Amino acid sequence: MKKLKIALIGYGRMGKEVEAVALSHGHEIVVRLDSERDWLDNLDELLKADVAIEFSIPDKAVSNIHKCFNAKIPIVVGTTGWYHRLSEVESWCEAQNQAIFYAPNYSIGMNMMFALSKQMTEMAAKYDYKLKLKEIHHIHKLDKPSGTAIELAKIVRNNHPVIEGFSLEEKNNPKILPVDALREEEVNGMHELRLTSDEDSLSLKHEAYSRKGFAKGAVLAAEFLHNKKGVFTMADIFK
């Protein structure tokens, strides 16, 4: 495996966790960008990078992606809350012949949950179970519901013959998946898809014990993205 020169965009708790995992894999961090001043002062170091890994905030993500495309640096995006502009970013990527890897969740276990949620939804529809989604994150998380919860809701919508969408408010419409999104202290992330009938209930639950699982997945994505062009997700890694 090639040892990568990595640019870190966003140097908060997730950025520091990514740094630790990347170094443990033998990679080098060539620059850390955490403010507009950093972008201006460290362009030469940025241009040395083989790939960037971005964990910032929703309002900055698209701008960070565009800057990396302009610098011809592949980018792994861990920030969520910007997917309403995904088609725009995909068009940029194609037009500029660049590379981006995005995912609502980089945890290997969470991506197993995505796969299992499809089967669970199909069986819920077949046997007339009601579905409900719950997510809990730390109070610093800005988007609500989480990108991961939205991805789970999409899986339910795409695999259930009745459900057409999701809502944080609407709880009793059979066409709407109810979602509870809570922000509590320093919770790293919990997602639960629950099925209930008059006779019983069952749930599929993923709980992150730390940020390390997300960081490991992001570094794995960076290793995968190197020397590629196009738009990629965790589904490409699991093929």
Check your understanding: Got at least one residue in the range 96-108 being among the hydrophobic types (A, V, I, L, M, F, W, C), surrounded by 13 or more Cβ atoms within 10 Å (Cβ to Cβ) and either out of contact with any helix residue (DSSP H, G or I) (no Cβ under 9 Å at 6 or more places or on another chain) or at positive phi (or both)?
Key -> no
Check your understanding: Would you say ALA52 is crowded, with 22+ Cβ neighbours inside 10 Å, at pLDDT 95 or above and farther than 21 Å from LYS2 by Cβ?
Key -> no
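Looking at the structure I just gave you, is ILE57 modelled with pLDDT under 95 and within 22 Å of SER210 (Cα to Cα)? Steps first, please.
Details: modelled with pLDDT under 95: yes; within 22 Å of SER210 (Cα to Cα): yes.
It is true that ILE57 is modelled with pLDDT under 95 and within 22 Å of SER210 (Cα to Cα).
Matching residues to (1) within 22 Å of ALA22 (Cβ to Cβ); (2) touching a residue at least 40 places away in the same chain (Cβ under 8 Å); (3) of a type in the set (Phe, Trp, Tyr):
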| site | (1), (2), (3) |
| --- | --- |
| ALA149 | no, yes, no |
| ASP180 | no, yes, no |
| LEU195 | no, yes, no |
| SER203 | no, no, no |
| ARG211 | yes, yes, no |
**Study point:** Exclusive hit being over 23 Å from THR79 (Cα atoms), in contact (Cβ under 8 Å) with a residue 12 or more places away in the chain, of a type in the set (Asp, Glu) and not assigned by TED's automatic domain parsing to the domain that holds MET14, set GLU164, GLU170, GLU185
**Key:** GLU164
Check your understanding: How many residues does the range 20-46 contain that are more than 15 Å from GLU223 (Cβ to Cβ), touching a residue at least 12 places away in the same chain (Cβ under 8 Å) and among the acidic types (Asp, Glu)?
Key -> 2
Study note, to complete from the structure: Only one of (1) at pLDDT 95 or above; (2) outside any loop (DSSP other than H, G, I, E, B); (3) of a type outside the set (S, T, N, Q); (4) exposed (fewer than 14 other Cβ atoms within 10 Å of the Cβ) does not apply to PRO161, and that is (2)
**Study point:** Scan of the range 41-65 for residues that are under 18 Å from the mean Cα position of the chain (by Cα), part of a helix (DSSP H, G or I) and not β-branched (Val, Ile, Thr), ordered by number
**Key:** PRO58, ASP59, LYS60, ALA61, SER63, ASN64
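Look at the range 1-40 and say how many of its residues are within 17 Å of PRO74 (Cβ to Cβ) and either in a helix (DSSP H, G or I) or small (Gly, Ala, Ser) (or both). Quick ask: steps written out before the conclusion?
First pass over the range 1-40, keeping only residues within 17 Å of PRO74 (Cβ to Cβ): 1-10, 18, 22, 25, 27-31, 33.
Okay, now just the ones that are also either in a helix (DSSP H, G or I) or small (Gly, Ala, Ser) (or both), so 7, 10, 18, 22.
Result for the range 1-40: 4.
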Practice item. Would you check which residues across the range 222-239 are out of contact with any helix residue (DSSP H, G or I) (no Cβ under 7 Å at 6 or more places or on another chain) and under 26 Å from LYS16 (Cβ atoms) and list them? Key: ALA222, GLU223, LEU225, HIS226, THR233
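Considering each residue of the range 205-239, count those that are in a loop (DSSP other than H, G, I, E, B) and either buried (at least 18 other Cβ atoms within 10 Å of the Cβ) or among the polar types (S, T, N, Q) (or both), and give that number. Break it down stepwise before answering.
Taking the range 205-239 and keeping what is in a loop (DSSP other than H, G, I, E, B), we get 208-211, 226-229, 233, 238-239.
The next check asks that each one be either buried (at least 18 other Cβ atoms within 10 Å of the Cβ) or among the polar types (S, T, N, Q) (or both); those that pass are 208, 210-211, 227, 233.
Going through the range 205-239 one residue at a time, the tally reaches 5.
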Study note, to complete from the structure: How many residues of the range 127-158 are of a type in the set (D, E, K, R), more than 22 Å from SER56 (Cα to Cα) and part of a strand (DSSP E or B)? The answer is 3
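Of the residues that sit in the range 21-38 and are among the hydrophobic types (A, V, I, L, M, F, W, C) and in contact with a helix residue (DSSP H, G or I) (Cβ under 7 Å, 6 or more places away or on another chain), which one is nearest to ILE65 (Cα to Cα)? It would help to see each step written out before you state the result.
We begin by selecting, within the range 21-38, every residue among the hydrophobic types (A, V, I, L, M, F, W, C); these are 21-23, 29-31, 33.
Checking which are in contact with a helix residue (DSSP H, G or I) (Cβ under 7 Å, 6 or more places away or on another chain) leaves us with 21-22, 29-31, 33.
Details: VAL21: 22, ALA22: 20, ILE29: 18, VAL30: 18, VAL31: 16, LEU33: 13 Å.
In this case the residue turns out to be LEU33.
Determine, yes or no, whether LYS126 is closer than 16 Å to TYR102 by Cα, surrounded by fewer than 17 Cβ atoms within 10 Å (Cβ to Cβ) and over 14 Å from the mean Cα position of the chain (by Cα). Please lay out each step first, then the result.
Numbers: closer than 16 Å to TYR102 by Cα: no; surrounded by fewer than 17 Cβ atoms within 10 Å (Cβ to Cβ): yes; over 14 Å from the mean Cα position of the chain (by Cα): yes.
Considered against the rule, which asks whether it is closer than 16 Å to TYR102 by Cα, surrounded by fewer than 17 Cβ atoms within 10 Å (Cβ to Cβ) and over 14 Å from the mean Cα position of the chain (by Cα), LYS126 comes out as no.
Step by step: first the residues of the range 164-184, then only those that are assigned to a loop (DSSP other than H, G, I, E, B) and under 25 Å from ALA103 (Cβ atoms), then the one that is farthest from the chain's Cα centre (by Cα). Which residue is that?
Narrowing the range 164-184 to residues assigned to a loop (DSSP other than H, G, I, E, B): 164, 168-175, 184.
This time we only want the ones that are under 25 Å from ALA103 (Cβ atoms), so: 164, 168, 184.
Numbers: GLU164: 22, LEU168: 20, GLU184: 20 Å.
By that ranking, first place goes to GLU164.
The values are calculated or read from the model by the stated rules, or taken from the named source; none is laboratory data. None of the values given here were measured: they were computed from a predicted structure. For neighbour counting, all protein chains shown are included, and Cβ atoms are generated from backbone atoms with ideal geometry for every residue, glycine included.
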